[in-house]
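Only one structure is covered here, and it is reproduced in the block below.
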Ligand code: IMP
């Protein structure tokens, strides 16, 4: 029986929430393996809307949920998310939530540094979520992070604090900020430890045991492949690997544990934050996509940039992430256009490219080559079978499949769970 990894195939915000929720309702365990509370997943369950940032989506339905070692964990953000959910009638317990005790923590000065650096970067600004994600991953790789397991050994924290303050105090001085207040930090950590520790354990053991028993595991990716630190539009990326390969390393299972890779892609393209975006539309078509698609960020409320579907980028995402099948979302946003376009290649200084170049200047300079197709006037909203789709919409999906060289496994036609055309069930593989 296949486990399933769900990842974004564009720049995040592809509408993962609904699909993850549907798969989570059939999984025995749901695991987050990278990122942190920069993610924003919206689930609509039983008419109620839940907004999750850090917690795995299984938590809403009570499916055992795991925050894997690859996640950077802001314990205060975790506490407020748990409290918010509790206000909506969802109780999070150590039975429903387990946190890898090797997760690196996001600390208050990481958030400060994220903001200070963004404000000082002028045109070089990344447009981060200012949640401290990048600085926390830097400390993890720099071997000075405080991890969840350290919360149980606060009396042995001094060498780690020496490493942290040696690095951060110099940085903070450069920004005119006072040194880290070690005593205040220790007090804050001691306070939050009481909340976090009941959930903390070596989760790789639970996951390996679940796998040995043939339990279904759902790996829930955050952000999207184009924001991957290696394969994305560097430097305008997040600080983790968002590709499906990370599901194994970020949770403590071997690579063979990741079975079906479901890539989520919108029927058009959006992006929040800075960075290149070849098919971006600064005109009334872009406005219309944004309005019809309600393209505002879940976490920061920022307006998303919108453009036509870019098949070159999704083909590349499918290749580097080993995507088995695509879930195409928000098809109904394209209803009513006289013409729809798909980017099938790029032009760069007189040359034609069938891939996205690596250098930021080239990425910004490519011009999309479009294929134009007749649009459809009928509504696709709520369609549950191919028979309910207009012929032109089917033609559009078939052309997308050809260009990205990857089959469409499902099509989502509204935020409602039932409004889905299922071609291939990822768990049935
Ligand atoms: P960071 O992850 O906060 O460091 O932000 C780096 C880049 O990733 C920025 O362009 C953010 O807008 C983008 N980003 C981070 N998380 C998400 C997400 O969940 N959806 C979409 N974009 C995101």
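At-a-glance table
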| read-out | value |
| --- | --- |
| Among (1) within 16 Å of the ligand (Cβ to nearest atom); (2) over 30 Å from residue 210 (Cβ atoms); (3) not in a loop (DSSP other than H, G, I, E, B), the one test that residue 317 misses | (2) |
| Residue list for segment 205-218, restricted to those being part of a loop (DSSP other than H, G, I, E, B) and either within 11 Å of the ligand (Cβ to nearest atom) or touching a residue at least 60 places away in the same chain (Cβ under 8 Å) (or both) | 214, 215, 216 |
| Scan of segment 22-38 for residues that are within 16 Å of the ligand (Cβ to nearest atom) and either surrounded by fewer than 24 Cβ atoms within 10 Å (Cβ to Cβ) or within 23 Å of residue 426 (Cα to Cα) (or both), ordered by number | 32, 33, 34 |
| Residue 281 farther than 24 Å from residue 52 by Cβ, surrounded by 24 or more Cβ atoms within 10 Å (Cβ to Cβ) and not assigned by the TED database to the domain that holds residue 73 | no |
| Counted residues, segment 39-49 - those being farther than 17 Å from residue 76 by Cβ and within 10 Å of the ligand (Cβ to nearest atom) | 2 |
| Flag if residue 184 is surrounded by fewer than 14 Cβ atoms within 10 Å (Cβ to Cβ), in contact with a helix residue (DSSP H, G or I) (Cβ under 7 Å, 6 or more places away or on another chain) and more than 26 Å from residue 121 (Cα to Cα) | no |
| Complete set of residues in segment 288-313 that are closer than 15 Å to residue 42 by Cα and away from the ligand (no atom under 15 Å from the Cβ) | none |
| Of all residues making up segment 219-263, the number that are assigned to a strand (DSSP E or B) and within 10 Å of the chain's Cα centre (by Cα) | 1 |
| Near pairs, Cβ below 6 angstrom, 6+ apart or cross-chain, from segment 139-157 (free of Cβ contacts under 8 Å to residues at least 40 places away in the same chain and not assigned by the TED database to the domain that holds residue 240) to any residue that is surrounded by 11 or more Cβ atoms within 10 Å (Cβ to Cβ) and not in a helix (DSSP H, G or I) | 139/145 |
| Scan of segment 320-352 for residues that are out of contact with any strand residue (DSSP E or B) (no Cβ under 7 Å at 6 or more places or on another chain) and either farther than 25 Å from residue 241 by Cα or part of a loop (DSSP other than H, G, I, E, B) (or both), ordered by number | 332, 333, 335, 336, 337, 338, 348, 349, 350, 351 |
| Helices (runs of 4 or more DSSP H) completely within segment 104-174 that count 1 or more residues being under 22 Å from residue 40 (Cα atoms) | 108-120, 133-141 |
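The values are calculated or read from the model by the stated rules, or taken from the named source; none is laboratory data. The structure displayed is predicted, hence computed values, not measured ones. Cβ coordinates were reconstructed from backbone atoms using ideal geometry, including for glycine residues, and neighbour counts include every protein chain displayed.
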